[in-house]
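Participant: Before anything else, here's the structure in question.
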């Protein structure tokens, strides 16, 4: 099993528990809302996940990128489609997005190689 | 005819001419590449425009937002779909995206009211 | 009456109505949550408004800054306290925050001169 | 003793020495000014540290966050107050602040568990 | 005489006076330090102004850009050199820098046409 | 030989190969263009690399910083000049640039100590 994927999911789960245990109402509601945002609506789930991914890439948030890569993988997004999302992010956000694209590409390979 | 839409397009065209007349090769190629990025590929043109839009929204670039709103309008994106893109941008980017959402909503109304 | 303050509040109210009329659930809930965030809790309301202000300043969102300036004014924050918030924002965010500080200072003067 | 806290402080001290030894006047003065910014004035020290913290969170600077968490801990900020600062940062800055909130929460636990 | 240039300088001078009159020590010292940063040293003044300009462009601060364009103009930077700075900013920062490049190009034309 | 430098270059080369093998035309062309951007023109190569460096610093992209530090080192930029670039970045971008300056200083030491 992939190290990168397991590590990311493990840390994420552990720390989400720590945070939610503090019972801050605003944080709990924001996190619920976050889940709702990507539910099927006028746009389908895959489009929404790719919107979340490209937004995370131009804002250069590696963990957010990993999260949406995991979701996109489950939704059967192809590697060719994925790299077109990477291309939009690199053009809009510039070459500072490249290092994040490298880490995204690495994580995507691990998701694919788990198959 | 809408003032906001005309003003944006007019200024954009005028200044693009000034810039391209300087013949800087890197800028000219980047702008060409920008056009290629949104061409149909493994992802369709509408999805790509919405990716460009959400990226512009979280990076809070009003003129970039207007450009992609214009394109999305031509591609018959519905208001309901558009607001789901706005929702992703607001959740990922936070409440600092709200003022840009106001201006995006205003521009979208003008595009629709031109009909 | 101040032009800057009236213009800001007028446009904000008008566009919020346009947006909320579209009935996007995520946006509506996020906006509600935004209001809850600044309610009194373990921290008092003034501290929370100043936190919202400094966050808006380093993220360089002029309209967000105006909103929190208006709230801070209602809460009787003094000019001396206000400029200490400006100072934190300028040190953390650097000289790119200066132009936003100019506009914040102008808006603050108008709020004070309305008295 | 906590690993995270020691590592952060150790690396910070070591590299600050390397940088200050180069005797760049602008950097030395900026760092002095940084210290002055958080001194008691019209706002008390705790409020100022929380302003510095929320600014660091929305700008997503993990090391800056750790620094202000350490200071806030010394100033006896409670966990409930701390999570209200986290909430403001998450609402203003959006879900891209969540991964930084996870690392902030982890560091805060280590500070508290050192007691 | 150019409207853009006069307006920018006039507003800047007026608001700097308002801010400095409040006598916030941190802000005053930061502004002094800002001036020192661009003084001749191991790097010459023109290089330093261009560094300040490109930093302002990728951070997308229109007023900061105008300030450094004014300085670069006084230092006899050529249009060809200027567009190479624009090119670096557009490549590093991506297409979201384009609208700021349009406004920078417009301001540069006004500076040149004043001759 | 330096660990930091080798690690950075090794990972960069490995992931660039993975990405380029996917044959996404936009990404390939952007990367070519990136190389062209720093070629000698109206501005010399060293000035352009320093522009790329300061842009990377204010955008707080550690890997981009390392890349330009490596280039600047090859171009015989002195430590005194380098710290003047760091100073511009810290003033324009604020104290959130400090942690990135620490890592930049560490990498620069390793480049120099390899001699």
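Throughout, read-outs are computed from the coordinates displayed, never taken from laboratory work. Worth saying up front: this structure is predicted, and the values here are computed from it rather than measured. With ideal geometry, Cβ positions are generated from the backbone for all residues, glycine too; neighbour counts draw on all protein chains shown.
Participant: Where does helix E:62-74 land angle-wise versus the long Cα axis of chain E, in degrees 0 to 90, nearest 10?
Facilitator: It works out to around 80 degrees.
Participant: Could you give the angle, 0 to 90 degrees to the nearest 10, between helix B:25-37's Cα long axis and the longest principal axis of the Cα atoms of chain B?
Facilitator: Once rounded, one gets 40 degrees.
Participant: Here's something else I'd like to know. Ranked by Cβ crowding within 10 angstrom, fewest neighbours first, how are C:97, E:45, D:58, E:26 ordered?
Facilitator: Fewest to most other Cβ atoms nearby, the residues stand as E:45, E:26, C:97, D:58.
Participant: If R₀ is 30 angstrom, what is the calculated FRET efficiency for the pair residue A:76 and residue B:76, using the beta carbon separation as r and rounding to 0.05?
Facilitator: Working: r = 26 Å, r/R0 = 0.88.
The calculated FRET efficiency here is 0.70.
Participant: Rounded to the nearest 500 deg cm²/dmol, what is the calculated helix-only ellipticity per residue at 222 nm for chain C, with -39500 (n - 2.57) per DSSP H run of length n ≥ 4? Could the numbers behind the result be given before it?
Facilitator: Details: 6 runs with 89 residues, N = 115.
Estimated from H runs of four or more residues: -25500 deg cm²/dmol.
Participant: Within 10 Å of each residue's Cβ, count the other Cβ atoms and sort E:86, A:8 from fewest upward.
Facilitator: Least to most surrounded, the residues fall as A:8, E:86.
Participant: Could you work out how far apart the two model spin labels at residue C:109 and residue C:35 are, taking each label as a point 7 Å from the Cα in the direction of the beta carbon, and quote it in nm?
Facilitator: Result: 3.4 nm between the two label points.
Participant: Here's a follow-up. For an R0 of 41 angstrom, estimate the FRET efficiency from the Cβ-Cβ distance between residue D:13 and residue F:45 and round to the nearest 0.05. All intermediate terms of the calculation are to be shown ahead of the outcome.
Facilitator: Working: r = 36 Å, r/R0 = 0.88.
It comes out at approximately 0.70.
Participant: Next question, about the same structure. What's the exposure ranking of D:46, E:101, going from fewest to most Cβ atoms within 10 Å?
Facilitator: Lowest count first: D:46, E:101.
Participant: Another question, then. How many nm is it between the label spots at residue E:25 and residue F:28, if each spot is 7 Å from the Cα in line with the beta carbon?
Facilitator: In this crude label model, residue E:25 to residue F:28 measures out at 6.1 nm.
Participant: Hey, another quick one. Using a label point 7 angstrom from Cα along Cα-to-C-beta, what distances in nm, from shortest up, separate residue A:106 from the other copies?
Facilitator: Between copies, matching label points for residue A:106 lie 1.6, 1.6, 4.3, 4.4, 4.6 nm apart.
Participant: Suppose a student asked you for the relative contact order of chain E, using Cα pairs under 8 Å spaced at least 6 residues apart; what percent would you report? All intermediate terms of the calculation are to be shown ahead of the outcome.
Facilitator: Details: 73 pairs, mean separation 36.4, N = 115.
Across chain E, relative contact order equals 32 percent.
Participant: Compute the distance from the alpha-carbon center of segment E:100-115 to that of segment C:10-76, in whole Å.
Facilitator: Using only Cα atoms to place each centre, the spacing works out to 36 Å.
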